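Take a look at the structure below.
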Amino acid sequence: MSIAQYLLLSSVLFCIGIYGVLSRKNGVMVLMSIELILLSVNINLVSFSIYLQNLVGQVFTIFILTVAAAEAAVGLA
């Protein structure tokens, strides 16, 4: 797969997440939409990390996953 396909997938997920944040009033649905946005950012970081042969994007992805897990824990509590 080329990097353009990963970027297309990421942009579609990002647009769905933005639509969910702007259109929903339920708190849980907004948090799920934010998770979609974070997932799209992770796909971007990993795809550029692989394309550029640099591990920095994958390290940032681990940090973003940690933040997303903490957000889900707070949101469900």
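Read-outs throughout are calculated quantities, based only on the coordinates presented, and are distinct from any laboratory measurement. Fair warning: this is a prediction, and the values are worked out from it, not measured in the lab. Neighbour counts are summed over all protein chains in view; Cβ atoms, including those assigned to glycine, are modelled from backbone coordinates with ideal geometry.
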| query | residue 77 label point, 7 Å along Cα→Cβ, cut-off 17 Å on backbone N: hits in region 21-39? | reply | 28, 31
| query | How far is it, in nm, from the label point at residue 32 to the one at residue 48 when both lie 7 Å from their Cα along the line to the Cβ? | reply | 2.9 nm
| Compactness of region 1-74, expressed as Rg and Dmax over alpha-carbon positions, Å | 13.2, 41
| request: Run the quick spin-label model on residue 15 and residue 66: label points 7 Å from Cα toward the beta carbon, then report their separation in nm to one decimal. | output: 3.4 nm
